[in-house]
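First comes the structure, then the notes that go with it.
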Amino acid sequence: MSGFGSALPWAEPSWYSGRPSPYYNDSHRRLREAVRRWTEENVSGNIEDWEAAGKIPDSVYQKCARDGLLLPLAFGSSIPKEFAACAIIGGIKAEQWDGFHDSALWDELVRGGAIASIFIGLTVGTPPLIRYGSSHLRGQVLPGILSGEKKICLAITEPSGGSDVRNLTTTAEKTADGKYYIVNGEKKISGNRKLIVTGGPGVTGISLLLIPRSEGIRTRPLSVTPGNLSATTYISFEDVRVPVENLVGIEGSGFKYIMNNFNHERLWIVFQALRGSRIAIQDAMTWALKREAFGTTLIEQPVVRHKFGLMAKEIEALQAWTEQIIFELDNLSHDDGNRLLGGVTALLKVKAGMVAKLVADECVKIMGGLGLTKTGQGARIESFARATASIVIPGGAEDVLIDLGVREALKLTHMATGRQPKV
Ligand SMILES: Cc1cc2nc3c(=O)[nH]c(=O)nc-3n(C[C@H](O)[C@H](O)[C@H](O)COP(=O)(O)OP(=O)(O)OC[C@H]3O[C@@H](n4cnc5c(N)ncnc54)[C@H](O)[C@@H]3O)c2cc1C
């Protein structure tokens, strides 16, 4: 068995060590190697400069496009045939691409460091446009998005509330001649430039609009916990004129489109939790093997070994559940995936947040003072510990998703038997 990456326990998913898995083949192995090489060449030495500048240069984003990263990040778990001629990192073919490529790509990008944060808008914002946008709209903006010239984001959350998507207050009123929507409101989101925004009260009042940067839009960067590279932005719309052709899909169907987008959005948050946890356990193990206290290394203390055992069983259980859900999503239609797995992916994301918090907490303790130090051997753990809230809240807050998971499960039982109460 030939291994790839770190040989320390739990530092890599088990399939990296050459152990058998039903999910991964040579193309996944090729991809993980290509992405790891790419991040080592293009990310590793630059993170401090980018963080100091508060931005990853646009030229890097465009390089991501040229090197075949943006296309798969925009599509997620499958790439349509019409993009067969486009280059994908690792030389993977569009028809080969599946949810496990998507997960391996994210896993290695997150491992590479800060770069993953610049793809949030692309990964969350492009799928609704691809799935529901008219061919005219797609033709107008997709080439620019895939070449890295233009950026996109999905703006749902408003200062007045995020979890309660039914009660968004941003409005989109049609002009008397029926040619434009006039948009007014405020959003707090990740990413900027080209925007998709929802507007209108109630479930059937919600629509998706593609809003280019234009007169009446003001943006202000927000400083957030995971760091400034995520480009979290406050946006206000004052009488912004949007051509009616920029409506994505059918007017009033935006709520359904947003809900259908959540399975993948929540999965990639899980990917971040998994790799973040593995990085933390790797650094803590490296430290525990050499740090001496009271005459022994830390790893020789049963209490410290107990911490690793606690973390490992959680990480590996999360990995196995995640792979099962990726497999199911790959083998279900998009509609069935949403119907059957919406609640499950919500709970998976909750689990990911809990695992990340546990791992961050235990690793900080193992590192001692280094776990609070932003440079040196504890730096990645310190940064992960600060960022766990960004796994717990975005993409649906933990408390809300736990409840959603149970309601969705009961809904399926009700549909199957007609007996359980609707809650
Ligand atoms: C780094 C970052 C990036 C983000 N990126 C985006 C983005 O790209 N696009 C976007 O639209 N948004 C984005 N968000 C916003 C994020 O999705 C919201 O913050 C999140 O959905 C929670 O909404 P809220 O902040 O309005 O909290 P609220 O809805 O006000 O909820 C706050 C708390 O109230 C409790 N609560 C509320 N409702 C319930 C309920 N029904 N049951 C139980 N408890 C409840 C929960 O404890 C919850 O945590 C981002 C946020 C951050 C920090």
With R₀ set to 60 angstrom, the calculated FRET efficiency between the beta-carbons of residue 33 and residue 167, to the nearest 0.05, is 0.80
So if each residue of separation counts as 0.36 nm, and I subtract the Cα-Cα distance between residue 403 and residue 95, what length gain in nm does that give? 107.2 nm
Considering only protein heavy atoms and a 1.4 Å probe, what is the carbon-and-sulfur percentage of the accessible area of the chain? 53
Run through every distinct alpha carbon pair of the stretch 194-316 and return the Kirkwood hydrodynamic radius in angstroms, one decimal place. 19.0
Residue pairs, from the table 349/411; 351/374; 188/256; 188/307, whose Cα atoms sit over 31 Å apart: 188/307
Cross-link partners of residue 150 among aspartates and glutamates (Cα-Cα below 17 Å; sequence separation of 8 or more within a chain): 58, 67
Computed over the Cα atoms of the stretch 255-417, what is the ratio Rg over Rh, Rh following Kirkwood? 1.08
Charge tally in the Cβ shell below 13 Å around residue 361, where Lys, Arg are +1 and Asp, Glu are -1, residue 361 excluded: +1
Highest GNM mean-square fluctuation among 177, 403, 330, for the chain with Cα springs under 10 Å, belongs to 177
Taking every Cα atom in the stretch 223-271, find the radius of gyration and the maximum pairwise distance Dmax, and write them in Å. 15.3, 39
Quotient of C-alpha Rg and 2.2 N^0.38 Å, computed over the stretch 14-112: 1.13
For residue 222 and residue 334, calculate 0.36 nm times their separation in residues minus their Cα-Cα distance, and state this gained length in nm to one decimal. 36.9 nm
I need two numbers for the chain: Rg to one decimal and Dmax as a whole number, Cα atoms only, in Å. 21.9, 82
Just to confirm, what accessible area per residue do you get for the chain at 1.4 Å probe, in whole Å²? 45
Placed amide H near residue 291: partners under 5 Å, 5+ positions off or other chain: 298
Leaving out same-chain residues fewer than 8 places away, which lysines sit with a Cα under 17 Å from that of residue 93? 81
Set the Förster distance to 22 Å, then compute FRET efficiency between residue 306 and residue 286 from the Cβ-Cβ distance, nearest 0.05. 0.75
What do you get for Rg/Rh over the stretch 49-170 if you use C-alpha atoms and the Kirkwood form of Rh? 0.99
Using 1/(1 + (r/R0)^6) with R0 = 30 angstrom and r between the beta carbons of residue 239 and residue 386, what's the FRET efficiency to the nearest 0.05? 0.15
At 37 °C and 0.692 mPa s, grab the translational diffusion coefficient of the stretch 94-246 from Stokes-Einstein with a Kirkwood Rh over Cα pairs, rounded to a whole number in µm² per second. 199
Normalised convex hull volume, the stretch 122-163, alpha-carbon set, Å³ per residue: 85
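The values are calculated or read from the model by the stated rules, or taken from the named source; none is laboratory data. Note that this is a predicted model, so its numbers are computed, not measured. Virtual Cβ from ideal backbone geometry, glycine too; neighbours counted across all protein chains shown. Protein only, heavy atoms only, side chains kept; ligands, DNA and RNA dropped before computing areas. Shrake-Rupley method; radii C 1.70, N 1.55, O 1.52, S 1.80 Å.
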